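Below: the structure, in structure tokens.
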Amino acid sequence: MAVVSAKKMLLKATEGKYAVGAFNVTNIVQMKAVIEAAQGKRAPLILQTSVAPVRFLGVKVLVAAYRALAEAASVPICLHLDHCTDVTLCKAAADAGYTNIMIDASKEEFEANVRVTKAVTDYCHALGDVTVEGELGTVCGVEDQIKVTEDEAALCDPGKAEEFVRRSGIDLFAPAIGTAHGVYKTKNPKLRFDLLQEVFKVLNGAEPTVPLVIHGGTGLQDDVVRRLVACGGCKFNVSTELKHTLIDATYGYISTHRDEYNPGRLDDAVSKATIQMVERWIDVLGCAGKAG
Ligand SMILES: [Zn+2]
């Protein structure tokens, strides 16, 4: 079906009160497995990469693999660049064929965040159907090359959300509401559902216009995820769990097949574990059967 951009897909999710999984992949085996899971569930899908795989494999390789797989797939699929702080790299990814770009200037002061984000938005919109995600407030934890300590983490100011979205021109908005990157230190992290609701009301109260993104999906309890979806989160970023699944499946396979030298079977083990993990997320997010 399809190479598509994120905004339309996510406005539909906002209206339908479900969320789309945005899964961070680091290689092509994972990319293929995530797509297989989405196809099996008839779910729309956002594939993401952080900056590290872009630097390792190069945008052209990632875009070529995405296009070949997405064009042959039976569900709509976006390719999103996650948490990029480098404006030049954001532009290069958009030029190469990423359908959606996250410029992360959330560590900057408000005015600088608006200015840097707008530069990327203007560039991507001029290319056509490339949409942009921006963040206000900072998400605690480590994602790729970006580290935010608990002291630095700041929640989104809902009073500034409308101004940030309007002046930066972004298509998708990631408000920091207390979720974290990496592994949660507690089973019940302190999340600000009220803040998400308030932001939703400000931006989408009259009609859905700016889809809201939840970062730090890994480790959240299913009921918490469902509550965040009910409060208006429609794009859920899952990264750490994919990394753990890849490493654990690899380690598990090699430990039990120490004398076998068949990389294809190892890929198969990683692929199966990834498919299972992604299928579970799709069920929790409520996007199964929504590809149509
Ligand atoms: Zn994130």
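The values are calculated or read from the model by the stated rules, or taken from the named source; none is laboratory data. Since the structure is predicted, the reported quantities are computational estimates derived from the model, not experimental observations. Cβ coordinates were reconstructed from backbone atoms using ideal geometry, including for glycine residues, and neighbour counts include every protein chain displayed.
Are any residues in region 167-203 part of a loop (DSSP other than H, G, I, E, B), at pLDDT 95 or above and more than 16 Å from the ligand (Cβ to nearest atom), and if so, which ones?
In the first step, residues of region 167-203 are kept if they are part of a loop (DSSP other than H, G, I, E, B); the result is 169-171, 176-179, 181-192.
Narrowing the set further to residues that are at pLDDT 95 or above leaves 169-171.
Within region 167-203, 169, 171 qualify.
Return yes or no: is residue 47 outside any helix (DSSP H, G or I), on the phi < 0 side of the Ramachandran plot and within 15 Å of the chain's Cα centre (by Cα)?
For residue 47, the condition - outside any helix (DSSP H, G or I), on the phi < 0 side of the Ramachandran plot and within 15 Å of the chain's Cα centre (by Cα) - is met.
Given the criteria surrounded by fewer than 23 Cβ atoms within 10 Å (Cβ to Cβ), at pLDDT 95 or above and farther than 15 Å from residue 174 by Cα, does residue 151 qualify?
The answer is no for residue 151.
Output yes when any residue across region 134-156 is more than 16 Å from the ligand (Cβ to nearest atom) and either closer than 25 Å to residue 53 by Cα or not in a loop (DSSP other than H, G, I, E, B) (or both), and no when none is.
Among the residues of region 134-156, not one is more than 16 Å from the ligand (Cβ to nearest atom) and either closer than 25 Å to residue 53 by Cα or not in a loop (DSSP other than H, G, I, E, B) (or both), which makes the answer no.
Give me the pairs: first residue in region 105-127 and within 13 Å of residue 85 (Cα to Cα) and touching a residue at least 60 places away in the same chain (Cβ under 8 Å), second residue of a type outside the set (Val, Ile, Thr) and surrounded by 12 or more Cβ atoms within 10 Å (Cβ to Cβ), beta-carbon distance under 6 Å, and six or more apart or on different chains, which are they?
The qualifying pairs are 106/135.
What number of residues in region 70-84 are within 16 Å of the ligand (Cβ to nearest atom) and of a type outside the set (A, V, I, L, M, F, W, C)?
Summing the residues that are within 16 Å of the ligand (Cβ to nearest atom) and of a type outside the set (A, V, I, L, M, F, W, C) in region 70-84 gives 3.
Assess whether residue 116 counts as being within 16 Å of the ligand (Cβ to nearest atom), aliphatic (A, V, I, L, M), at pLDDT 95 or above and under 22 Å from residue 173 (Cβ atoms).
No: the conditions fail for residue 116.
Name the residues in region 220-242 that are more than 14 Å from the chain's Cα centre (by Cα), within 16 Å of the ligand (Cβ to nearest atom) and either surrounded by fewer than 19 Cβ atoms within 10 Å (Cβ to Cβ) or assigned to a helix (DSSP H, G or I) (or both), would you? Reasoning before the result, please.
Keep residues of region 220-242 that are more than 14 Å from the chain's Cα centre (by Cα), which gives 220-232.
The next check asks that each one be within 16 Å of the ligand (Cβ to nearest atom); those that pass are 220, 225, 228.
Answer for region 220-242, where residues must be more than 14 Å from the chain's Cα centre (by Cα), within 16 Å of the ligand (Cβ to nearest atom) and either surrounded by fewer than 19 Cβ atoms within 10 Å (Cβ to Cβ) or assigned to a helix (DSSP H, G or I) (or both): 225, 228.
In region 266-274, is there at least one residue being more than 16 Å from the ligand (Cβ to nearest atom) and either assigned to a loop (DSSP other than H, G, I, E, B) or at pLDDT below 95 (or both)?
Scanning region 266-274, I find no residue that is more than 16 Å from the ligand (Cβ to nearest atom) and either assigned to a loop (DSSP other than H, G, I, E, B) or at pLDDT below 95 (or both), so the answer is no.
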